[in-house]
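For reference, the structure is listed below as structure tokens.
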Amino acid sequence: AGYVERDGQACIYVEFEHEQLGYLYRYWISVNSGLLIAAQTEAEGQVVYEMSSHQVTSPLSGTGDWFVLPDGTSPRD
């Protein structure tokens, strides 16, 4: 794990291997938004899955409670 730049964004980078399956997983998480911006999976040295998301649009604005617990209360209560 560490900090890297990916596609012009500062990211937290995580890499781990699932030894039983033989897969190598890589994830890049934006430091600014906390969202996953890229992921990659390798099997036997070949990329078998890859995704990336370059633009994040957040429709949320204002000071509302955006997260509500299942009982309808706010965690701020």
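The values are calculated or read from the model by the stated rules, or taken from the named source; none is laboratory data. Keep in mind it's a predicted model, so treat the numbers as computed, not measured. Ligands, DNA and RNA are excluded from the accessible area calculation, which covers all protein heavy atoms including side chains. Shrake-Rupley method; radii C 1.70, N 1.55, O 1.52, S 1.80 Å.
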Accessible surface, 1.4 Å probe, highest first, among residues Tyr3, Tyr49:
Tyr3, Tyr49
Residues whose modelled amide H sits under 5 Å from the amide H of Ile37, counting only those 5 or more places away in sequence or on another chain, are Trp28, Ile29, Ser30
Solvent-accessible area of Val4, probe 1.4 Å, all protein chains present, reported in Å² to the nearest ten, please.
60 Å²
